[in-house]
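Derivation of every value follows stated rules applied to the coordinates shown; laboratory data play no part. Quick caveat: nothing in here was measured; it's all calculated off a predicted structure. So basically every Cβ, Gly included, is an ideal-geometry build from the backbone, and we count neighbours across all protein chains shown.
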Amino acid sequence: MKTLDQRLAWLAGVIDGEGTVGACLTVNSTSRKDGTRHRHLMFRVAIANTDEAMIREVAEIADTLGVRYCLHISPSRVTKHKPAFVISLSSWTRVEGLLNAVLPWLVTKRARADLVLAMIRHRRATARRRGMPIGTPPLLNDVWLMRQLGTLKVMNQRCRQPEEHDVVGS
């Protein structure tokens, strides 16, 4: 039987090779009374693979950590290809819980994970909630956060590594 640390190290390798660590702004399709649309910051970790056993092991590790996830099977559009299995997490606490657990072993996605965790901490500290002071900046006016989203977008582009000046300190 493998220890939890061994399983987390394996999961970090899977995330490094097959996973996505990111964040994006989403916009609700319905408008508010004043005509504006609600924007939402979504954090996400996803792993896609055609190996069902791999995705089931990822799900078991997430269950052990107490982290909820969504499992999706995407049928192949080409008959000779296998279906893809996708496991994803998309709430602040879920993403934070999983990334904190695998962070010591991440290699290629380490910088993205560090940035996403910093963004979650920042957003948790500055998010507008009921009862927050009127002067609390709305999401799009948060310059630091918008820069981090831009940096994350660059980091997630293929064949492009961010320059040192792309990453803004916390």
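Can you tell me the FRET efficiency between Ala59 and Trp144 if r is taken as the Cβ-Cβ distance and R0 is 41 Å, rounded to the nearest 0.05?
Given R0 = 41 Å and the Cβ-Cβ separation, E is 0.75.
Using Cα positions and a limit of under 28 Å, work out the lysines in reach of Lys153, with same-chain residues fewer than 8 apart set aside.
Within the straight-line cut-off, Lys153 pairs with Lys109.
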